[in-house]
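These notes concern the structure reproduced below.
Bear in mind these aren't lab numbers, they're just calculated from the coordinates by the rules spelled out. Worth saying up front: this structure is predicted, and the values here are computed from it rather than measured. With ideal geometry, Cβ positions are generated from the backbone for all residues, glycine too; neighbour counts draw on all protein chains shown.
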């Protein structure tokens, strides 16, 4: 619970928010110095602003921190939500508030540099300063990088800094056919210069379509006829490189002349928004932005789209986005008015558009994995799972529960936690079922969830303080129906699903309160759920087996005269195993709390009969 929630200041702000009208408008949060720290819009001011000053349990860390710094707020009533959006966008541009999404200006220029040296090289450059020849400017760093890489591959140019006047051992690029090997004299200086000049022409003409494969093929055949086999081989490799690049370009081409594709991968408290920009039917640029503290996609896009398109002159008619588009009607109207043509947000479910959107999401996950040092597989798994279950945000903190017993005996439960896609063992918990004796998985699950949220309300046990993003139960709709009333009773708003196994005890589907969701087609999500189900089963059954083993040992001890269940447990707890009890002397046995001298003698004689 946030330390600000009990302050007098927060009570005053909440009271002021409750007096707001239910009209659309813009609210302006200020700190104690009168500085604007956040600006937002609302369809109904009262409903939106009061959310900030209520319970902070559902707020992100970023929002809680912002609320703690709010000293006062102002508001401006507007005639419509559309008018509020326009005003909000204008005010954010003017004030650049600390807690709003502020995207960096990406209007810099990029160049391709031909170095000024004997053996010229082709490089990417962020400016046109210094010696050398510069081709550009380009608006996109992505285009510059792609063009340089394509030129190097087609003309087999080096990307190293070696001195080619001194012969040396070739690097890996030479051995895998990506470089002609000027470092080991495999190509003459004049031939190298010809390749550089050809590469410059290729760069200036724009793309591989400007290169005639027919002309290159004729040159290759002519070289072969003249017994110039090395030259023919180089031309053959150039033709193959061009063909591969063209195939790659086909993969990222579309059937629409212009469109943007936007997808977001979220992990913990960081989101990566990826934007693929298609112009003239081809991918011409891509950008990504890291945003802290917002993992709800609808909330994130509400701000991001305004910041991203606010200064853009070119806005396409189609924007593919990995989110429900119903909430973008106002932004769509704003962009349509701004661009002078209708702008549509589309969330494709199949076909080419879905393939391109998935590619965008994979790029976002890859960028985020590099940022957070997590694998892209973990990122994709959580994203897939959240989307599959219709969650409003990526489930970075997942709790799973399983019941284990033998015909109702030693009835226990295990709780495991997966944090950011990996087991978080410090938060694992074990439960002995206390409210009844016998076998009833529904009652057992109900007791466990009630005890778990009792601890959450108390706020004393660190392992129970975090509210999960998702709860998974080992079982089907029966288990779900049993625990949903518990969550409602405690006022807990967390999604609950079951994990269903097939006849071979392997994960088959995810259960809802009404039906099953097949997940095998979502490969990464399926692997994650399978791992969670296997781990919670292992954890619960290992606890059950431990108690069963202890009970069997205890039974043997209770065969001894004067030793009951309580004294048997004292002995096992003190010595740790039956083997050590058997090896103990009478004084050692008598030193155990609750064990008398006679008890110790009886135990010793029982295990040391002559």
(Q) Taking a ≥ b ≥ c as the square roots of the Cα gyration tensor eigenvalues, with a/c under 1.5 meaning rounded and otherwise prolate when a/b beats b/c, else oblate, which class fits region 307-406? (A) prolate
Q | Rounded, prolate or oblate (a/c below 1.5 giving rounded, otherwise prolate when a/b exceeds b/c) for region 558-607 by Cα gyration tensor | A | rounded
**Q.** DSSP bridge orientation in the chain - percent antiparallel, rounded to nearest 5
**A.** 80 percent
(Q) Restricting the calculation to Cα positions, tell me the Rg (one decimal) and the Dmax (whole number) of the chain in Å. (A) 33.5, 108
Q: Apply 1/(1 + (r/R0)^6) to the Cβ-Cβ distance of residue 281 and residue 31, taking R0 = 45 Å, and write down the FRET efficiency to the nearest 0.05.
A: 0.40
**Q.** Sorted peptide list for 362-374, 146-158, criterion being average Cβ within 10 angstrom, highest first
**A.** 146-158, 362-374
Q: Determine the distance separating the Cα centre of region 332-348 from the Cα centre of region 39-53; give it in Å without decimals.
A: 25 Å
(Q) Just to be sure I understand: of the beta bridges DSSP finds with both ends in region 61-198, what percent are antiparallel, rounded to 5? (A) 100 percent
Q.
Need one number: % antiparallel among DSSP beta bridges in region 397-548, to the nearest 5.
A. 70 percent
**Q.** Order by protection proxy (mean Cβ within 10 Å, highest first), peptides 159-169, 331-341
**A.** 331-341, 159-169
Q: Just check region 397-548 against the gyration tensor rule for me: Cα atoms, a ≥ b ≥ c as the square roots of the eigenvalues, rounded for a/c under 1.5, and otherwise prolate or oblate depending on whether a/b exceeds b/c.
A: rounded
Q | residue 454/residue 228 FRET efficiency (R0 56 Å; Cβ-Cβ; nearest 0.05) | A | 0.10
Q) Quick one: length gained pulling residue 11 to residue 290 fully straight, 0.36 nm per residue minus the C-alpha distance? A) 97.1 nm
Q. Taking Cα pairs under 8 Å and at least six residues apart, what relative contact order does the chain come out at, in percent?
A. 7 percent
Q | Inter-label distance, nm, simple model (7 Å from Cα along the C-beta direction), residue 609/residue 166 | A | 8.8 nm
Q: Equivalent ellipsoid semi-axes for region 258-373, as square roots of 5 times the alpha carbon gyration tensor eigenvalues: give them largest first, rounded to whole Å.
A: 22, 16, 13
**Q.** Neighbour-count order for 67, 215, 416, fewest beta carbons within 10 angstrom listed first
**A.** 215, 67, 416
Q: Can you tell me the relative contact order of region 3-95? Whole percent, Cα pairs under 8 Å, sequence separation 6 or more.
A: 36 percent
Q. Roughly speaking, what is the centre-to-centre gap between region 391-423 and region 498-517 when only Cα atoms are used, to the nearest Å?
A. 15 Å
Q: Give me the Kirkwood hydrodynamic radius of region 110-206, using the inverse of the mean 1/r over all pairs of distinct Cα atoms, in Å to one decimal.
A: 13.7 Å
**Q.** Angle between the chain longest axis and helix 565-575 axis [Cα atoms, degrees, rounded to 10]
**A.** 50 degrees
**Q.** Chain lengthening between residue 189 and residue 542 when straightened (0.36 nm per residue, less Cα-Cα)
**A.** 120.0 nm
Q) Got a sec? How would 538, 426, 234 order by Cβ neighbour count within 10 Å, fewest to most? A) 426, 538, 234
Q: For region 397-548, calculate the relative contact order in percent as a whole number, restricting contacts to Cα pairs under 8 Å that are 6 or more residues apart.
A: 26 percent
**Q.** Neighbour-count ranking [beta-carbon atoms within 10 angstrom, fewest first] of 313, 23
**A.** 313, 23
Q. So between residue 430 and residue 352, what do we pick up on full extension, going 0.36 nm a residue minus the alpha carbon distance?
A. 23.3 nm
